[in-house]
Amino acid sequence: MIISLRYVGIDVSKHHLDIFDEAVGVPQRIANAPHAITELVARWRCDALVVFEATGVYDRELREALRQAGIRFARINPARARDFARACGQLAKTDPIDARMLAAFARAMRPETEAVITPAREALTWLAKRRDQMVLTRSQEKNRRSEAADRAIVSRISRFIDFLDEEIAEIEAEISALIKAEPEISEDAQLMRTVPGVGPVACTQLIAQMPELGRLGPKQAAALAGLAPFNVDSGTCRGKRKIGGGRKRVRDALYMAALNAVRRADPFKVFYARLRQAGKPAKLALIAVARKLLTILNAMMRDRKPYRTASSA
């Protein structure tokens, strides 16, 4: 017996959810609250595919309810959803229209569904995000201190920077403790750290932001991280290859790992030098190294082998 998929689009906002279930055919609005979401999800079986835009914290309750019910879902980039709507000739934009277009997107595109994220990985994601926020704030405050002329202001900024240093150190200690306490995450971290250039920050970002690692093909992994080059060609004109989209935190972490790798370790140092000798700009060569690192990490996580074993296989 063949069971057809049930396609559902949900437009998420802070206070409510707009739902379009193709099996029902009419839009619906409910409160973005746990009890209402639980009642909604209970109507669907595991043959549903639910698509909604990534909206930060506003879709947290929805994601948790779908996971507990075993219903597949995909969070997509809002720009991707809007491009799809334009391609379908849908220029108007309202919450019910967006929900309908997301259901159509689910049917037409069959997007990759979210990997199961454990509570520990969810906690790690938030800790990593908070660390990033505080590191950015510290950098901004250091710039402000360098521009300040008043000694009292400089002193105030310095005290705030000291506070941020302490907070960042505490968060990093929490991250380290969480990784050690979870056997699955700890094993992943140990494998990743065998790769030259992959330090604790890159390792944390990869575990938190890319749980699919090891279950993707090389091209899929590169696209998900925003490291896949795309063509900009027209007729006989061949434009420069560019990268974009994907998960920015993963891409940034891999770029910094690439910087570390080319400074201290073969074969990445040799690979980078060869690209530079071929006339590639430094940044482009580093992106290629980052993509190579990701390909190796993806294969390692798939095969559950450390770097040296994986690279010699």
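Quick notes on this structure:
- Positive-end residue, the chain charge dipole about Cα centroid, Cβ charges, pick of ALA69, ALA115, TYR58: ALA115
- Likely footprinting exposure, ARG308, ARG215, fewest C-beta neighbours within 10 Å first: ARG308, ARG215
- The distance separating the Cα centre of segment 53-120 from that of segment 177-224 comes to 25 Å.
- Here the dipole of the chain is about 1600 debye; that uses its Cα centre as origin and unit charges on the Cβ of Lys and Arg (positive) and Asp and Glu (negative).
- Mean residue ellipticity, 222 nm, helices only, the chain: the sum of -39500 (n - 2.57) across DSSP H runs of n ≥ 4, divided by residue count and rounded to 500, is -19000 deg cm²/dmol.
- Applying D = kT/(6 pi eta Rh) to the chain, where Rh is the Kirkwood radius over alpha-carbon pairs, T corresponds to 4 °C and eta to 1.567 mPa s, the Stokes-Einstein value obtained is 58 µm²/s.
- Cβ-based exposure ranking for PHE20, PHE84, in which fewest neighbours within 10 Å come first: PHE84, PHE20
- Note on segment 126-174 and segment 8-28: Cα centroid distance 42 Å, given to the nearest whole angstrom.
- Between 0 and 90°, nearest 10: helix 95-109 axis offset from the chain longest Cα axis: 80
- Proxy reagent accessibility, fewest Cβ within 10 Å first, across CYS203, CYS46: CYS46, CYS203
- Selection from GLY199, PRO218, VAL135, by position along the positive dipole direction of the chain (Cβ): PRO218
- In segment 12-107, trypsin sites (Lys or Arg not before Pro) in a DSSP loop with at most 16 other beta-carbon atoms within 10 Å: LYS14, ARG43, ARG45, LYS93
- Hits among lysines - C-alpha to C-alpha of LYS283 under 19 Å, sequence gap 8 or more where chains match: LYS240, LYS242, LYS248, LYS269, LYS292
Just so you know, all these numbers are worked out from the coordinates, no wet-lab data involved. Every value quoted in this text rests on a predicted model; they were computed, and no experiment measured them. Cβ atoms come from the backbone with ideal geometry, glycine included; neighbour counts cover every protein chain shown.
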